[in-house]
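The values are calculated or read from the model by the stated rules, or taken from the named source; none is laboratory data. Quantities reported herein were computed from a predicted structural model and do not represent experimental measurements. Ideal geometry is used to build each Cβ from the backbone, glycine not excepted, and the neighbour counts take in all protein chains shown.
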Amino acid sequence: MDCKSGIIDLHIHSTASDGSLDPLEIPPLVQTAGLKAFALTDHDSIEGAQKILAHPNFPGPVKFLTGVEISAAAPDFFSASGSFHILGYGFDVDHPELNHTLLRQQHARKNRNPQMIARLNDLGFDLSLAEVISASEENAQIGRPHIARLMVKKGFVHSINDAFDMYIGKGKPAYIDKPRVETANAIGLILSAGGIPVLAHPGLLEVRDPKEYENLISRLKTMGLKGIEVFYPNHSAEQTDYFTELATRYDLLATGGSDFHGAVNPEIHLGTGTGDLAVPYVLYERLTCEISRLKSSETI
(Lines give C-alpha, C1' and ligand atoms only; values in the text may rest on other atoms or scores of the structure.)
Protein backbone atom coordinates (compact mmCIF):
# COMPACT_ATOMS: atom_id res chain seq x y z
CA MET A 1 0.00 0.00 0.00
CA ASP A 2 1.02 3.61 -0.56
CA CYS A 3 2.50 5.17 2.60
CA LYS A 4 3.36 8.55 1.03
CA SER A 5 0.83 10.34 3.25
CA GLY A 6 2.51 8.93 6.34
CA ILE A 7 2.08 5.98 8.64
CA ILE A 8 -0.10 5.39 11.68
CA ASP A 9 -0.28 3.12 14.72
CA LEU A 10 -3.70 1.93 15.88
CA HIS A 11 -2.57 -0.56 18.55
CA ILE A 12 -0.80 1.00 21.55
CA HIS A 13 -0.87 0.25 25.29
CA SER A 14 -0.15 2.44 28.32
CA THR A 15 -0.13 2.13 32.11
CA ALA A 16 -3.93 2.20 31.88
CA SER A 17 -3.48 -1.53 31.17
CA ASP A 18 -0.14 -3.34 30.83
CA GLY A 19 2.15 -0.82 29.14
CA SER A 20 5.05 0.98 30.80
CA LEU A 21 4.25 4.57 29.77
CA ASP A 22 1.64 6.96 31.11
CA PRO A 23 -1.06 7.77 28.52
CA LEU A 24 0.13 11.39 28.34
CA GLU A 25 3.65 10.21 27.46
CA ILE A 26 2.34 8.54 24.30
CA PRO A 27 1.36 11.59 22.13
CA PRO A 28 4.84 13.23 22.25
CA LEU A 29 6.45 9.89 21.35
CA VAL A 30 3.98 9.45 18.49
CA GLN A 31 4.90 12.90 17.18
CA THR A 32 8.64 12.20 17.52
CA ALA A 33 8.17 8.94 15.61
CA GLY A 34 6.63 10.91 12.75
CA LEU A 35 3.27 9.17 12.90
CA LYS A 36 0.22 10.94 11.48
CA ALA A 37 -2.45 9.27 13.62
CA PHE A 38 -2.71 6.86 16.54
CA ALA A 39 -5.13 5.08 18.85
CA LEU A 40 -4.62 4.04 22.46
CA THR A 41 -6.03 0.50 22.80
CA ASP A 42 -5.52 -0.55 26.39
CA HIS A 43 -6.76 -3.93 27.54
CA ASP A 44 -10.31 -3.64 28.89
CA SER A 45 -9.73 0.01 29.79
CA ILE A 46 -10.47 3.42 28.28
CA GLU A 47 -9.00 5.43 31.16
CA GLY A 48 -5.95 6.32 29.08
CA ALA A 49 -8.05 7.54 26.15
CA GLN A 50 -10.15 9.62 28.56
CA LYS A 51 -6.97 11.11 30.02
CA ILE A 52 -5.67 12.13 26.59
CA LEU A 53 -9.04 13.63 25.58
CA ALA A 54 -9.17 15.67 28.80
CA HIS A 55 -5.67 17.12 28.38
CA PRO A 56 -5.64 20.86 27.58
CA ASN A 57 -3.28 20.36 24.64
CA PHE A 58 -5.60 17.87 22.94
CA PRO A 59 -5.83 17.16 20.03
CA GLY A 60 -2.30 18.36 19.23
CA PRO A 61 -0.64 17.94 15.83
CA VAL A 62 -1.26 14.18 15.54
CA LYS A 63 -4.75 12.77 14.94
CA PHE A 64 -6.15 10.58 17.70
CA LEU A 65 -8.81 7.87 17.85
CA THR A 66 -10.36 6.48 21.01
CA GLY A 67 -9.59 2.78 21.28
CA VAL A 68 -9.82 -0.32 23.44
CA GLU A 69 -8.82 -3.98 23.23
CA ILE A 70 -11.47 -6.18 24.81
CA SER A 71 -10.52 -9.65 26.05
CA ALA A 72 -13.16 -11.79 24.35
CA ALA A 73 -14.20 -15.40 24.72
CA ALA A 74 -13.80 -17.14 21.37
CA PRO A 75 -17.23 -18.04 19.95
CA ASP A 76 -18.40 -21.62 20.40
CA PHE A 77 -18.15 -22.40 16.68
CA PHE A 78 -14.43 -21.49 16.61
CA SER A 79 -12.26 -24.29 17.97
CA ALA A 80 -8.76 -22.82 17.48
CA SER A 81 -6.88 -21.51 20.50
CA GLY A 82 -4.86 -18.33 20.79
CA SER A 83 -5.24 -14.68 21.75
CA PHE A 84 -8.84 -13.72 20.91
CA HIS A 85 -9.38 -9.97 21.27
CA ILE A 86 -11.78 -7.42 19.79
CA LEU A 87 -10.48 -3.92 19.15
CA GLY A 88 -12.84 -0.94 19.22
CA TYR A 89 -12.28 2.47 17.62
CA GLY A 90 -13.94 5.88 17.59
CA PHE A 91 -16.52 5.21 20.31
CA ASP A 92 -18.00 7.48 22.97
CA VAL A 93 -15.76 7.17 26.05
CA ASP A 94 -18.69 8.15 28.29
CA HIS A 95 -20.96 5.33 27.12
CA PRO A 96 -22.40 3.90 30.40
CA GLU A 97 -22.70 0.22 29.44
CA LEU A 98 -19.23 0.09 27.90
CA ASN A 99 -17.71 1.71 30.99
CA HIS A 100 -19.59 -0.64 33.33
CA THR A 101 -18.44 -3.74 31.44
CA LEU A 102 -14.81 -2.62 31.30
CA LEU A 103 -14.82 -1.75 35.01
CA ARG A 104 -16.06 -5.26 35.77
CA GLN A 105 -13.27 -6.68 33.62
CA GLN A 106 -10.65 -4.61 35.45
CA HIS A 107 -11.86 -5.80 38.85
CA ALA A 108 -11.68 -9.40 37.66
CA ARG A 109 -8.14 -8.81 36.36
CA LYS A 110 -7.06 -7.58 39.80
CA ASN A 111 -8.38 -10.77 41.38
CA ARG A 112 -6.39 -12.80 38.86
CA ASN A 113 -3.00 -11.43 39.96
CA PRO A 114 -3.07 -12.75 43.58
CA GLN A 115 -4.10 -16.18 42.29
CA MET A 116 -1.11 -16.36 39.92
CA ILE A 117 1.26 -15.18 42.62
CA ALA A 118 -0.12 -17.81 45.01
CA ARG A 119 0.62 -20.47 42.39
CA LEU A 120 4.15 -19.12 41.95
CA ASN A 121 4.59 -19.26 45.73
CA ASP A 122 3.48 -22.89 45.66
CA LEU A 123 6.17 -23.50 43.03
CA GLY A 124 8.78 -22.14 45.43
CA PHE A 125 9.14 -18.53 44.23
CA ASP A 126 9.36 -15.93 46.98
CA LEU A 127 7.42 -12.91 45.70
CA SER A 128 4.31 -10.99 46.70
CA LEU A 129 1.72 -8.73 45.09
CA ALA A 130 3.07 -5.82 47.14
CA GLU A 131 6.51 -6.37 45.59
CA VAL A 132 5.03 -6.47 42.09
CA ILE A 133 3.19 -3.20 42.67
CA SER A 134 6.26 -1.55 44.23
CA ALA A 135 8.44 -2.54 41.28
CA SER A 136 5.92 -1.33 38.68
CA GLU A 137 5.14 2.06 37.21
CA GLU A 138 2.95 4.38 39.25
CA ASN A 139 -0.77 3.93 38.46
CA ALA A 140 -0.05 0.91 36.26
CA GLN A 141 -2.73 -1.76 36.06
CA ILE A 142 -0.76 -4.75 37.24
CA GLY A 143 -0.69 -7.79 34.98
CA ARG A 144 1.47 -10.70 33.90
CA PRO A 145 4.23 -8.53 32.33
CA HIS A 146 4.77 -6.84 35.70
CA ILE A 147 4.96 -10.20 37.49
CA ALA A 148 7.42 -11.40 34.85
CA ARG A 149 9.63 -8.34 35.27
CA LEU A 150 9.84 -8.91 39.02
CA MET A 151 10.76 -12.56 38.41
CA VAL A 152 13.63 -11.38 36.20
CA LYS A 153 14.70 -8.77 38.78
CA LYS A 154 14.82 -11.39 41.54
CA GLY A 155 16.80 -13.79 39.38
CA PHE A 156 14.12 -16.47 39.12
CA VAL A 157 14.24 -16.41 35.30
CA HIS A 158 16.61 -14.91 32.73
CA SER A 159 14.02 -12.95 30.74
CA ILE A 160 10.37 -11.93 30.54
CA ASN A 161 9.91 -14.48 27.77
CA ASP A 162 11.28 -17.21 30.06
CA ALA A 163 8.74 -16.27 32.73
CA PHE A 164 5.89 -16.63 30.24
CA ASP A 165 7.26 -19.74 28.52
CA MET A 166 7.87 -21.64 31.75
CA TYR A 167 5.42 -20.32 34.33
CA ILE A 168 2.78 -17.69 33.55
CA GLY A 169 2.02 -18.23 29.87
CA LYS A 170 -1.21 -19.93 28.86
CA GLY A 171 -1.18 -23.58 29.89
CA LYS A 172 1.81 -23.12 32.23
CA PRO A 173 1.69 -24.05 35.94
CA ALA A 174 1.01 -20.57 37.38
CA TYR A 175 -1.36 -19.39 34.65
CA ILE A 176 -4.87 -18.20 35.53
CA ASP A 177 -7.15 -17.43 32.59
CA LYS A 178 -8.21 -13.82 32.24
CA PRO A 179 -11.85 -12.69 32.46
CA ARG A 180 -13.47 -12.49 29.05
CA VAL A 181 -16.53 -10.91 27.43
CA GLU A 182 -18.62 -12.98 25.03
CA THR A 183 -17.60 -12.06 21.48
CA ALA A 184 -21.08 -11.01 20.38
CA ASN A 185 -21.37 -8.81 23.49
CA ALA A 186 -17.97 -7.20 22.87
CA ILE A 187 -18.91 -6.36 19.28
CA GLY A 188 -22.34 -5.14 20.34
CA LEU A 189 -20.93 -2.93 23.09
CA ILE A 190 -18.53 -1.19 20.72
CA LEU A 191 -21.29 -0.66 18.16
CA SER A 192 -23.72 0.68 20.76
CA ALA A 193 -21.05 3.17 21.87
CA GLY A 194 -20.76 4.41 18.29
CA GLY A 195 -17.51 2.63 17.51
CA ILE A 196 -16.00 0.23 15.00
CA PRO A 197 -15.31 -3.36 16.18
CA VAL A 198 -12.23 -5.02 14.66
CA LEU A 199 -10.79 -8.52 15.07
CA ALA A 200 -7.32 -8.09 16.63
CA HIS A 201 -4.18 -9.86 15.36
CA PRO A 202 -5.86 -12.87 13.68
CA GLY A 203 -2.44 -14.35 12.98
CA LEU A 204 -2.02 -15.09 16.69
CA LEU A 205 -4.93 -17.53 16.54
CA GLU A 206 -3.69 -21.09 16.20
CA VAL A 207 -5.60 -21.95 13.05
CA ARG A 208 -4.63 -25.14 11.19
CA ASP A 209 -6.90 -24.76 8.17
CA PRO A 210 -7.26 -21.31 6.54
CA LYS A 211 -10.93 -22.10 5.90
CA GLU A 212 -11.43 -21.66 9.64
CA TYR A 213 -10.56 -18.00 9.17
CA GLU A 214 -13.16 -17.65 6.45
CA ASN A 215 -15.85 -19.22 8.61
CA LEU A 216 -14.81 -17.06 11.57
CA ILE A 217 -14.78 -13.78 9.62
CA SER A 218 -18.08 -14.43 7.85
CA ARG A 219 -19.85 -15.29 11.11
CA LEU A 220 -18.29 -12.40 13.04
CA LYS A 221 -19.51 -10.07 10.31
CA THR A 222 -23.08 -11.20 10.95
CA MET A 223 -22.50 -10.16 14.59
CA GLY A 224 -21.49 -6.69 13.43
CA LEU A 225 -17.71 -6.93 12.95
CA LYS A 226 -16.45 -4.04 10.81
CA GLY A 227 -12.76 -4.73 10.36
CA ILE A 228 -9.68 -6.95 10.60
CA GLU A 229 -6.28 -6.00 12.02
CA VAL A 230 -4.28 -6.84 8.92
CA PHE A 231 -0.94 -5.18 9.72
CA TYR A 232 0.73 -6.56 12.86
CA PRO A 233 4.37 -7.26 13.80
CA ASN A 234 3.84 -11.02 14.18
CA HIS A 235 2.03 -11.41 10.86
CA SER A 236 4.13 -12.84 8.07
CA ALA A 237 4.01 -11.23 4.63
CA GLU A 238 1.83 -14.12 3.48
CA GLN A 239 -0.57 -13.63 6.39
CA THR A 240 -0.78 -9.89 5.75
CA ASP A 241 -1.68 -10.55 2.11
CA TYR A 242 -4.22 -13.18 3.11
CA PHE A 243 -5.93 -11.00 5.73
CA THR A 244 -5.99 -8.10 3.25
CA GLU A 245 -7.75 -10.38 0.77
CA LEU A 246 -10.24 -11.51 3.43
CA ALA A 247 -11.00 -7.90 4.38
CA THR A 248 -11.66 -7.08 0.74
CA ARG A 249 -13.76 -10.19 0.15
CA TYR A 250 -15.99 -9.57 3.17
CA ASP A 251 -16.12 -5.77 2.69
CA LEU A 252 -14.38 -5.09 5.99
CA LEU A 253 -11.97 -2.34 6.99
CA ALA A 254 -8.27 -3.14 7.31
CA THR A 255 -6.41 -1.73 10.30
CA GLY A 256 -3.01 -2.23 11.88
CA GLY A 257 -0.65 -1.35 14.68
CA SER A 258 2.49 -2.24 16.58
CA ASP A 259 0.99 -3.52 19.87
CA PHE A 260 3.47 -1.20 21.58
CA HIS A 261 3.89 -1.71 25.36
CA GLY A 262 7.02 0.36 25.99
CA ALA A 263 9.66 -1.19 28.24
CA VAL A 264 7.48 -4.27 28.81
CA ASN A 265 8.24 -5.42 25.24
CA PRO A 266 11.31 -3.36 24.26
CA GLU A 267 11.75 -5.15 20.94
CA ILE A 268 8.48 -3.60 19.69
CA HIS A 269 8.80 0.03 18.61
CA LEU A 270 6.07 2.60 18.19
CA GLY A 271 4.83 2.70 14.62
CA THR A 272 7.34 0.24 13.17
CA GLY A 273 6.97 -2.84 15.38
CA THR A 274 10.11 -4.91 14.91
CA GLY A 275 11.27 -2.54 12.18
CA ASP A 276 9.32 -3.45 9.08
CA LEU A 277 5.76 -2.39 10.01
CA ALA A 278 4.23 0.48 8.02
CA VAL A 279 0.49 1.00 8.44
CA PRO A 280 -0.62 3.50 5.76
CA TYR A 281 -2.54 6.66 6.68
CA VAL A 282 -5.27 5.84 4.16
CA LEU A 283 -6.52 3.14 6.57
CA TYR A 284 -7.11 5.82 9.22
CA GLU A 285 -9.05 7.86 6.66
CA ARG A 286 -11.25 4.91 5.75
CA LEU A 287 -11.83 4.09 9.41
CA THR A 288 -12.86 7.63 10.33
CA CYS A 289 -15.11 7.85 7.26
CA GLU A 290 -16.93 4.72 8.42
CA ILE A 291 -17.24 6.12 11.96
CA SER A 292 -18.76 9.31 10.53
CA ARG A 293 -21.10 7.32 8.28
CA LEU A 294 -22.39 5.25 11.19
CA LYS A 295 -22.96 8.33 13.34
CA SER A 296 -24.78 10.05 10.49
CA SER A 297 -27.05 7.05 9.97
CA GLU A 298 -27.96 7.10 13.68
CA THR A 299 -29.17 10.69 13.46
CA ILE A 300 -31.39 10.11 10.42
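Structure data summary
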quantity	calculated
Residue count, region 16-62 (criterion: assigned to a loop (DSSP other than H, G, I, E, B) and within 13 Å of the chain's Cα centre (by Cα))	9
Flag for Asn99 being part of a helix (DSSP H, G or I) and free of Cβ contacts under 8 Å to residues at least 24 places away in the same chain	no
Where Pro179 falls short, out of the listed (1) out of contact with any His (no Cβ under 8 Å at 6 or more places or on another chain); (2) modelled with pLDDT under 95; (3) closer than 26 Å to Phe64 by Cα	(3)
Enumeration of residues in region 221-241 that are touching a helix residue (DSSP H, G or I) at 6+ places or on another chain (Cβ under 7 Å) and assigned to a helix (DSSP H, G or I)	Met223, Gln239
Residue match in region 53-74 (condition: touching a His at 6+ places or on another chain (Cβ under 6 Å) and acidic (Asp, Glu))	yes
Of all residues making up region 103-127, the number that are part of a loop (DSSP other than H, G, I, E, B) and surrounded by fewer than 14 Cβ atoms within 10 Å (Cβ to Cβ)	3
Out of Val30, Val93, Val68, sole residue that is modelled with pLDDT of 95 or more, in contact with a Phe, Trp or Tyr (Cβ under 7 Å, 6 or more places away or on another chain) and closer than 20 Å to Val198 by Cβ	Val30
Flag if Glu131 is acidic (Asp, Glu), over 30 Å from Ala184 (Cβ atoms) and either surrounded by 18 or more Cβ atoms within 10 Å (Cβ to Cβ) or without any contact (Cβ under 8 Å) to a residue 24 or more places away in the chain (or both)	yes
Qualifying residue in region 182-196 (condition: free of Cβ contacts under 8 Å to residues at least 60 places away in the same chain, among the charged types (D, E, K, R) and either within 25 Å of Ile46 (Cβ to Cβ) or crowded, with 22+ Cβ neighbours inside 10 Å (or both))	no
Restricting region 182-208 to residues that are at pLDDT 95 or above and assigned to a strand (DSSP E or B), the residue that is farthest from Ile228 (Cα to Cα)	Ile196
Enumeration of residues in region 1-13 that are in contact with an Asp or Glu (Cβ under 6 Å, 6 or more places away or on another chain) and in a loop (DSSP other than H, G, I, E, B)	His13
Test: residue in region 63-79 that is part of a helix (DSSP H, G or I), under 18 Å from the mean Cα position of the chain (by Cα) and buried (at least 21 other Cβ atoms within 10 Å of the Cβ)	no
Qualifying residue in region 254-261 (condition: in contact with a Gly (Cβ under 7 Å, 6 or more places away or on another chain), modelled with pLDDT of 95 or more, charged (D, E, K, R) and not in a helix (DSSP H, G or I))	no
Residue that is modelled with the lowest pLDDT [pool: residues in region 215-232 that are over 25 Å from Glu285 (Cβ atoms) and surrounded by fewer than 23 Cβ atoms within 10 Å (Cβ to Cβ)]	Asn215
